[in-house]
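A short write-up of the structure that comes next.
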Amino acid sequence: FQSLAAGDRIYFLSHELLYVLDANAGTVQKKIAPPSGSTYNGIFELQGNVYLDVDGEQLLMLKGEGLVKSQVNPAAGEILFIHNLAGKNASLIGTSGDRLFVYQQNELREVVLKDADYLQRNALVSGAWVNETLVALGTLRGGVIFIDPATGTTQEIINYYTGLPDNEVYALLADQSNGIWVAHEYGFTRIAPFVP
């Protein structure tokens, strides 16, 4: 149900197995099962390492031939996304509890949102860095919220009333020009937060 390309490896994830494929040889190198009685929920890259979200566990890190407990543990529900800031040692982590964290210099810090009730009413689904001072958060019912990750203040909300064709965001992605691509029922919309 999920895949990830990192370095010269491609990872394919089902609820029961992680397949590690050597991209150069095109062969499966190993298959790794989750801890007994658990299932995989997601696979993420966090600052060059591969992490797996497992039922009833904290994030587990892929190391060598197996999984080890990670020092990164938001403990705030299932991980929805991890987005790494290009060129910086900072990662944005969003959880199913509508909570947001920044992982930087081996420290996990929760972003206390000033409009947390808006996010909870509209359900967080996706997030991405725009730059060091701006993060875009996609919601299920409220469009896209732009926040300052240092202070948690809302900079702007882009929804149906401000130009987005649909409030239900399926996914979002940042581009190299500080723009955000939003996937919704009607296709894709590009938001340029720094253009008036």
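Have a look at Q47, Q58, Q105 and tell me which one the Gaussian network model of the chain (Cα, springs below 10 Å) gives the largest fluctuation.
Of Q47, Q58, Q105, the most mobile in the Gaussian network model is Q105.
Take peptides 22-32, 171-181 and line them up by average Cβ neighbours within 10 Å, highest first, as a rough protection proxy.
Most protected by this proxy first, the peptides run 171-181, 22-32.
Residue by residue through segment 171-178, what is 3J(HN,Hα) from phi via Karplus (6.51 cos²θ - 1.76 cosθ + 1.60, θ = phi - 60°)? Round to whole Hz and write x for glycine and proline.
6, 9, 8, 8, 10, 6, 9, 6
For Q155 and A33 in one chain, what is 0.36 nm times their gap in residues minus the Cα-Cα distance, to one decimal in nm?
39.7 nm
Give me the distance in nm between label points sitting 7 Å out from Cα along the Cα-to-Cβ direction at Q120 and H15, one decimal.
With each label point 7 Å from Cα toward Cβ, the separation is 3.0 nm.
Rounded, prolate or oblate: which one fits segment 118-196, using the alpha carbon gyration tensor with axes a ≥ b ≥ c (rounded when a/c is under 1.5, else prolate when a/b beats b/c, else oblate)?
Because a/c hits 1.5 or more and a/b fails to exceed b/c, segment 118-196 counts as oblate.
What percentage of the solvent-accessible surface of the chain, computed with a 1.4 Å probe over protein heavy atoms, is contributed by carbon and sulfur atoms?
Values: 4850 of 10080 Å².
Heavy-atom surface of the chain belonging to carbon and sulfur, 1.4 Å probe: 48 percent.
For segment 24-38, what does the Karplus curve 6.51 cos²θ - 1.76 cosθ + 1.60, with θ = phi - 60°, yield as ³J(HN,Hα) per residue in whole Hz, taken in order and with x for Gly and Pro?
Per-residue couplings from phi come out as 6, 8, x, 10, 6, 7, 7, 10, 10, 8, x, x, 4, x, 10 Hz.
Name the long-range amide H neighbours of Y170: under 5 Å, sequence gap of 5 or more, or other chain; modelled H, no Pro or chain starts.
The list, which skips near neighbours in sequence, is A183, H184.
Keeping all protein chains in place, calculate the accessible area per residue for the chain (probe 1.4 angstrom), answer in Å². Could you put the intermediate results ahead of the total?
Numbers: 10080 Å² over 196 residues.
Accessible area per residue: 51 Å².
Starting from the amide H of L164, placed 1.01 Å from N in the peptide plane, find each other amide H under 5 Å away whose residue is 5 or more places distant or on another chain.
When sequence neighbours closer than 5 places are left aside, the close amide H contacts are N159.
Rounded to the nearest 0.05, what FRET efficiency do Y170 and D55 have when you use their Cβ-Cβ distance and R0 = 22 Å?
0.35
Go through 93-99, 66-72, 133-139 and give me the packing order, highest mean Cβ count within 10 Å leading.
Per-residue mean Cβ counts within 10 Å order the peptides as 133-139, 93-99, 66-72.
Could you work out the local net charge near E65, counting Lys and Arg as +1, Asp and Glu as -1, over the other residues with Cβ closer than 12 Å to its Cβ?
+3
Please sort 35-42, 78-85 by packing, taking for each peptide the average over its residues of neighbouring beta carbons within 10 angstrom, highest first. If you can, show how the numbers build up before the last one.
Numbers: 35-42: 13.9, 78-85: 20.2.
With the highest mean Cβ count within 10 Å placed first, the list reads 78-85, 35-42.
For the chain, what does the alpha-carbon gyration tensor say about shape, rounded, prolate or oblate, given a ≥ b ≥ c as the root eigenvalues, a/c under 1.5 as rounded, and a/b over b/c as prolate? All intermediate terms of the calculation are to be shown ahead of the outcome.
On the way: a/c = 1.86, a/b = 1.67, b/c = 1.11.
It comes out prolate by the Cα gyration axes.
With +1 assigned to the C-beta of every Lys and Arg and -1 to the C-beta of every Asp and Glu, and no other charges, what is the dipole magnitude of segment 16-101 about the Cα centre in debye, to the nearest 20?
260 debye
The values are calculated or read from the model by the stated rules, or taken from the named source; none is laboratory data. Source: prediction; values computed, not measured. A quick note on method: Cβ atoms are made from the backbone with ideal geometry, for glycine too, and the neighbour counts reach across all protein chains shown. Heads up: the accessible areas ignore ligands, DNA and RNA and are worked out on the full protein's heavy atoms, side chains in. Shrake-Rupley method; radii C 1.70, N 1.55, O 1.52, S 1.80 Å.
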